[in-house]
Every structure is written in structure tokens, then in C-alpha cells.
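To start, the structure itself, in C-alpha cells.
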Amino acid sequence: MLGLKLATDPRWVNIVESNIEEILTDHAWCEQKAATNAISIITYNSEHQDLVTDLLAIAKEEIEHFEMVHELIKKKGLTLGRERKDHYVNELYKFMEKGGSRISSFVERLLFSAMIEARSCERFKVLSQNIADKELAKFYHDLMISEAGHYTTFLGYAKKYGVGIDVDKRWKAWIDYEASIIVNYGKNETVHG
């Protein structure tokens, strides 16, 4: 369903399990950034009432996820660390076509967002199926379902509002680019690392 070309090696979970505090901290900040991203898209595209409604729901859900991860961190006696840079997301950002029309910039931001959600969904699936901690396995299974909904929302709006843009062709380019960079990840205890 996600269309990603490369699956995460399940052995990545062994790295994650070596430092649960790090993955949970990174995950919490990913959720905060996702909420901020949804609000940012609304800010620049507020004329689309349906998009505003759906992205407000996503922003609220992402903040709820941040809270859920934070509660899990506290429950496990861990500490929410400082925000980290997400090198994977930064590499995706470089692929965004810049300087085009307002519509093309809008579509690029939606595809960028869909790609992050797709990979996050895939990573959560790998965690849910391979992590030894049963509480975390259920937690990541539930989040995987939510992230899949976010991915389809962003992609759907790119197709709906990408008038005059071959969104399917551009999405394929995003998929190909993501495959070329994801080979460098899966070696750290972060969501995309």
C-alpha cells in the first residue's frame, strides 16, 4: 500500500532496543514536527476548507501522539531529551522542487509530508512486529494505522489540488529518491535513523 521501494531491515529493532529512551525521545519530537508541519500547510493554504478541516485533525492527533509518547517516557522512568535533527527529513527536504508556482510548491509540500508519513508508518510496522516489549509493540501497531491515514490524506490532497501537475509522476520521483537515500539509514535508534 505504501509503495516504498525498500523495506526496513528488522534488525534495526535490535539497535532501537539498545536505547529505548533515544527512540522515544526522537519519536516524540517527530510527532511535534508533524503537528507543526500540518499547521504550516494550513497557514499557507487556508482557502481550502476541506484541507484545513482534515489537517487540523491531523495536527491535533500528532500533538496527542506527542503526549502519548511523553507519557510512555515518564511511565518507563525515562527522560524526554532535547530535540534532535532528523537527517532523513532534511535530505527529503532537499528534493523538494522550489521556486515554482504556488500550486507546485503546495503539491511539493504535500508530497514531502506524505513521504515522511509513509516511512514512519513502515517503521512503526517493523517496530510493532519485532520489538520484544509487548506494550511498545501494541503502541507502535496503533500508531502505524494512524500514520497510514495521514499519508493517504496528504497524497490525496496533492492529487486533488495539483491542477496541471502530473502528481502521480512526481510521486514516483519521490519514491525513487527516497529509495536512494533510505539505504543510508536504519543504523541508529531514531525513527528514521
Can GLU91 be described as in a helix (DSSP H, G or I), in contact (Cβ under 8 Å) with a residue 40 or more places away in the chain and over 22 Å from ILE42 (Cβ atoms)?
yes
Could you tell me whether THR190 is part of a loop (DSSP other than H, G, I, E, B), surrounded by 14 or more Cβ atoms within 10 Å (Cβ to Cβ) and in contact with a helix residue (DSSP H, G or I) (Cβ under 6 Å, 6 or more places away or on another chain)?
yes
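Tally the residues that are over 15 Å from THR8 (Cβ atoms) and either modelled with pLDDT under 95 or of a type outside the set (Ser, Thr, Tyr) (or both), restricting the search to region 176-193. Outline the logic, then answer.
So in region 176-193, the residues over 15 Å from THR8 (Cβ atoms) come out as 176-177, 180.
From what's left, either modelled with pLDDT under 95 or of a type outside the set (Ser, Thr, Tyr) (or both): 176.
Final tally of qualifying residues: 1.
Taking the criterion of being surrounded by fewer than 21 Cβ atoms within 10 Å (Cβ to Cβ) and over 24 Å from MET68 (Cα atoms), would at least one residue in region 151-158 satisfy it?
Residues of region 151-158 that are surrounded by fewer than 21 Cβ atoms within 10 Å (Cβ to Cβ), as a first pass: 152-153, 156.
With the extra rule that they be over 24 Å from MET68 (Cα atoms), the set shrinks to 156.
For region 151-158, residues surrounded by fewer than 21 Cβ atoms within 10 Å (Cβ to Cβ) and over 24 Å from MET68 (Cα atoms): present.
Identify, please: which residue in region 138-150 is surrounded by fewer than 19 Cβ atoms within 10 Å (Cβ to Cβ) and in contact (Cβ under 8 Å) with a residue 12 or more places away in the chain and is, among those, farthest from SER113 (Cα to Cα)?
Within region 138-150, the first condition is being surrounded by fewer than 19 Cβ atoms within 10 Å (Cβ to Cβ), and the residues that meet it are 138, 141-142, 145-146, 149.
Still in the list and also in contact (Cβ under 8 Å) with a residue 12 or more places away in the chain: 141, 146.
On the way: HIS141: 20, SER146: 14 Å.
Ranking the qualifying residues of region 138-150, first place goes to HIS141.
Yes or no, residue by residue, for (1) buried (at least 17 other Cβ atoms within 10 Å of the Cβ); (2) over 16 Å from the mean Cα position of the chain (by Cα); (3) part of a helix (DSSP H, G or I):
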| site | (1), (2), (3) |
| --- | --- |
| ALA59 | yes, no, yes |
| LYS74 | no, yes, yes |
| THR79 | no, yes, no |
| LEU127 | yes, no, yes |
Could you pull out the residue among LEU24, LEU51, LEU110 that is over 22 Å from PHE124 (Cα atoms), at pLDDT 95 or above and buried (at least 21 other Cβ atoms within 10 Å of the Cβ)?
LEU51
From GLU91, GLU61, which residue is at pLDDT 95 or above, charged (D, E, K, R) and over 19 Å from GLU189 (Cβ atoms)?
GLU61
Are there any pairs with C-beta distances below 7 angstrom linking a residue in region 171-182 that is over 19 Å from SER105 (Cα atoms) and in contact (Cβ under 8 Å) with a residue 12 or more places away in the chain to a residue that is of a type in the set (A, V, I, L, M) and not in a helix (DSSP H, G or I), with the two at least 6 apart or on different chains, and if so which?
ALA179/LEU6; ILE182/LEU6
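The values are calculated or read from the model by the stated rules, or taken from the named source; none is laboratory data. The shown structure was predicted, so the numbers you read here are calculated from the model rather than taken from an experiment. For neighbour counting, all protein chains shown are included, and Cβ atoms are generated from backbone atoms with ideal geometry for every residue, glycine included.
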